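Colleague: Got a structure for you, written out below as structure tokens; questions coming shortly.
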């Protein structure tokens, strides 16, 4: 299985004497015939070893005398300039390069004061719970009182003679009431539990770094990380589109700019500060295509606070959407 590489490839070539001259061979085919080479001397007609359609670049050639194509055969070369010779063979289709890796997501900048929540201090420790008080002892039950003695039954009177009624017997004494038992003692009240210690107060959180409008400011030239921001603007159907007109909210530096074409295009686009060009005038690409600024003037790329920034179209009927990537400067 073929292996893809996500790095650029440097091909130095190999010096070889092929036919009359010594040339730098870049590629050759399976028959060991050269398909791409460079050198100061164009191979001589009838030289062998150059494949039909071989491309040769003359390293000291001038305008119109640099690129040559072999219109002969591998056994007998015939190198001609494409502009003067007969129609050459169709060149090989170049390999499609591997898709580049998607760049890593930039670091998220620190949230400034007002948005940064201080660290919450640790929760204070809860004091230990005091011991449960002891339950008092139950008082002893007093003894049951003694039951009084039953009174004696009186003696039966004598039966008198004749009509004489005998004496009524004596009523026995009332029995004694038993003693009331003593009241048991009241149990002891248990001890009150100890109150737990008060927890410690947490530490106050740290205050975050200062910012303006949620965009952290950094000192250019120091080893800091910055949070970039994007300005988006529809610049269609206008020769001049004002992004800021003496009202930029703060000083910032433009680090990239690009357009996405949304319709027909015939002209160029450019950024300036109202007086000086910031980017070159670049051609607008085809519809739905992205076109990046090909250069940034590092003497004009910073917009001062209350400064101006404009987008220019050479053809006012062109349609495009502009994006500007920038960082704050203090």
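Let's see how each residue does on (1) within 23 Å of residue 10 (Cβ to Cβ); (2) crowded, with 17+ Cβ neighbours inside 10 Å:
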residue	(1), (2)
30	no, no
54	yes, yes
59	yes, no
63	no, no
67	yes, no
73	no, no
76	no, no
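Colleague: Would you call residue 326 under 32 Å from the mean Cα position of the chain (by Cα) and either crowded, with 18+ Cβ neighbours inside 10 Å or at pLDDT 95 or above (or both)?
Modeller: Yes: the conditions hold for residue 326.
Colleague: Quick one: in the stretch 28-50, which of the residues that are at pLDDT 95 or above, within 54 Å of the chain's Cα centre (by Cα) and part of a strand (DSSP E or B) is farthest from residue 93 (Cα to Cα)?
Modeller: Top of the filtered list is 39.
Colleague: Check whether at least one residue in the stretch 1-11 is in contact (Cβ under 8 Å) with a residue 24 or more places away in the chain and in contact with a strand residue (DSSP E or B) (Cβ under 9 Å, 6 or more places away or on another chain), and report yes or no.
Modeller: Scanning the stretch 1-11, I find no residue that is in contact (Cβ under 8 Å) with a residue 24 or more places away in the chain and in contact with a strand residue (DSSP E or B) (Cβ under 9 Å, 6 or more places away or on another chain), so the answer is no.
The values are calculated or read from the model by the stated rules, or taken from the named source; none is laboratory data. Computed from a predicted structure; not experimentally measured. FYI the Cβ positions are ideal-geometry reconstructions off the backbone, even for glycines, and counts take in every protein chain you see.
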